[in-house]
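All remarks here apply to the structure that follows.
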Amino acid sequence: MKVAFFSTKPYDRRFFTEANSKYGHELHFIEARLTQNTSALAAGYPAICAFVNDELDAGVLIRLAKQGVKLIALRSAGFNNVDLTAAEELGLMVVRVPAYSPYAVAEHTLGLMLALNRKIHRAYNRVRDGNFSLEGFVGFDMRGKTVGIIGTGKIGRVMMKILNGIGCHILCYDPYPNDEAKQLGTYVDLPTLFQKSDIISLHCPLTPETHHIINSRALAQMKQGVMIINTSRGALIDTHAIIESIKSGQVGYLGLDVYEEEDDLFFKDLSGQVIQDDAFSRLLTFPNVLITGHQAFFTEEALHNIADTTLSNITEFEQSGTCKNIVTTEMIR
Ligand code: NAD
């Protein structure tokens, strides 16, 4: 099948070209992000492949459908960037990669926790500068601390196993509790999780219900000096509210792999430019904030699995007109 790949990076090209030797699709790699302005590049392609920051709102989907696109193959697990109602009305099938490596994301989450706790990001610079002072670097034992996990799906459960391994107590919240997580931690309501956790880690999808789940009301319920880690989706956190909580000391550590306005920033080299996002720039000034640019998924294993499942989804659609990894509006109700 002819597939137009938006937001292609050199690593996408490498992993998809390798995996495609098994599938034989006609892949056309496009560097541009999918937006209203670039949607015309999909003309003549029955399938497009998109990533997390491609725009798949109703306007873009209408243009794609008019140009003959039938399949939107997401090379991601999350699908919050797609207007699924519009896609269904237009007869566009949306498919995704539901799981490619929950380990990759959970292990990166642990990395953020440990780096923030033990100030590894600051120690790196200090030692390179010949400054071996330990002043300001006191951390805490993870063992015995209470970690609150919001969202006990695939990534949340791997996170719980890792944290059990280092002796943390685990509280969790999920509107759909599951048996495996019950063995790994204790389900509580959200206010209890906010009040009792030393560390809070977000592993739920971005939906209208979870948008700004960490807002000023939630922050006010938390322990003084709480650590918050978000490797899920940026808009789970109200950025302005958390900046105020860092300034007041209510939030003692913040680790982010995602940011609510990341579309204009992440996955690009902007090192020679002035960052226009003042809230993001303010976050960068805090010594107790550590940000990575949406790289939690970025392992060899995950990239291989993403490419393989995406191409397999396209083959399944081509052969049967449907796909086991379809995304429907039922999934957001
Ligand atoms: P999953 O579908 O296996 O688990 C999500 C869990 O969240 C489910 O158990 C669901 O019931 C729960 N949930 C739904 N609504 C909730 C709510 N209101 N409050 C609390 N929990 C709620 O998904 P997953 O594979 O574990 O991925 C989780 C999220 O991680 C994805 O949605 C995506 O946004 C993010 N992610 C980030 C990266 C990255 O590179 N940073 C990579 C992959 C996934």
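Taking H as built 1.01 Å from N, whose amide H comes closer than 5 Å to the amide H of CYS323, not counting residues under 5 places away?
Amide H to amide H, under 5 Å and 5 or more residues apart or across chains, CYS323 pairs with nothing.
Can you give me the relative contact order of the chain as a percent, contacts being Cα pairs under 8 Å and 6 or more apart?
18
Hey, if you drop one equal point scatterer on each alpha-carbon of segment 69-111 and run the Debye formula without solvent, what base-10 log of I(q)/I(0) do you get at q = 0.15, 0.16, 0.20, 0.28 Å⁻¹?
Listed by q, the Debye log ratios stand at -0.47, -0.52, -0.67, -0.97.
Report, to the nearest whole %, how much of the accessible area of segment 102-291 belongs to carbon and sulfur atoms, 1.4 Å probe, protein only.
Carbon-and-sulfur percentage of accessible area, whole number: 52.
Ranked from highest to lowest mean number of other Cβ atoms within 10 Å per residue, what is the order of the peptides 119-131, 29-41, 53-65?
Ranking the peptides 119-131, 29-41, 53-65 by packing returns 53-65, 29-41, 119-131.
Around THR146, under 13 Å between beta carbons, what's the net of Lys plus Arg minus Asp minus Glu among the other residues? It would help to have the intermediate numbers written out before the result.
On the way: positive: ARG143, LYS145, LYS196, LYS223; negative: ASP141, ASP198.
The answer is +2.
So, by mean Cβ neighbours within 10 angstrom, what's the order for 317-323, 68-74 with the highest one leading?
Numbers: 317-323: 13.9, 68-74: 21.3.
For the peptides 317-323, 68-74, the packing ranking is 68-74, 317-323.
Treating segment 102-291 as a set of equal point scatterers at the Cα positions, no solvent, please give the Debye-formula log₁₀ I(q)/I(0) at q = 0.12, 0.15 Å⁻¹.
Debye output, listed in q order: -0.58, -0.90.
Counting only heavy atoms of the protein chains, get the accessible area per residue of the chain (1.4 Å probe) and round it to a whole Å² value.
Heavy-atom SASA per residue in the chain reads 47 Å².
Stick to Cα atoms and the Kirkwood definition of Rh, then tell me Rg/Rh for the chain.
Checking Rg against Rh, the ratio lands at 0.99.
Under a Cβ-Cβ cut-off of 12 Å, what is the net charge of the residues other than TYR100 that fall near it, where Lys and Arg count +1 and Asp and Glu count -1?
0
Kirkwood-based Rg over Rh for segment 1-154 (C-alpha set), two decimals?
Details: Rg = 21.4 Å, Rh = 18.7 Å.
Reported Rg/Rh, Kirkwood definition of Rh: 1.15.
Among 188-197, 95-104, how do they line up from the highest to the lowest mean number of other beta-carbon atoms within 10 Å?
The most tightly packed comes first, giving 95-104, 188-197.
In degrees, nearest 10, range 0 to 90: what is the angle between the Cα axis of helix 102-118 and the longest Cα principal axis of the chain?
On a 0 to 90 degree scale, this one is about 30.
State the Cα centre-to-centre distance between segment 1-73 and segment 267-333 in whole Å.
Computed from Cα coordinates, the inter-centre distance equals 14 Å.
Round to the nearest 10 and give me the degree value, 0 to 90, for the angle of helix 10-20's Cα axis relative to the longest principal axis of the chain.
Around 50 degrees separate the two axes.
Checking the cross-link filter: which lysines have an alpha carbon closer than 16 Å to that of LYS154, excluding same-chain neighbours under 8 positions apart?
LYS154 reaches LYS182.
Can you tally the net charge around ILE72? Count Lys and Arg as +1, Asp and Glu as -1, for every other residue whose Cβ sits under 10 Å from the Cβ of ILE72. If you can, show how the numbers build up before the last one.
On the way: positive: LYS70, ARG96; negative: ASP54.
Computed value for this residue: +1.
On a 0 to 90° scale, report how tilted helix 154-165 is relative to the longest principal axis of the chain, with both axes built from alpha carbons and the result rounded to the nearest 10.
The answer is roughly 30 degrees.
The values are calculated or read from the model by the stated rules, or taken from the named source; none is laboratory data. Note that the structure is predicted; figures quoted are calculated from it, not measured. Heads up, the Cβs are rebuilt from the backbone with ideal geometry, glycines too, and the neighbour counts pull from every protein chain shown. These area figures cover heavy atoms from the full protein model, side chains too; ligands, DNA and RNA do not enter into them. Shrake-Rupley method; radii C 1.70, N 1.55, O 1.52, S 1.80 Å.
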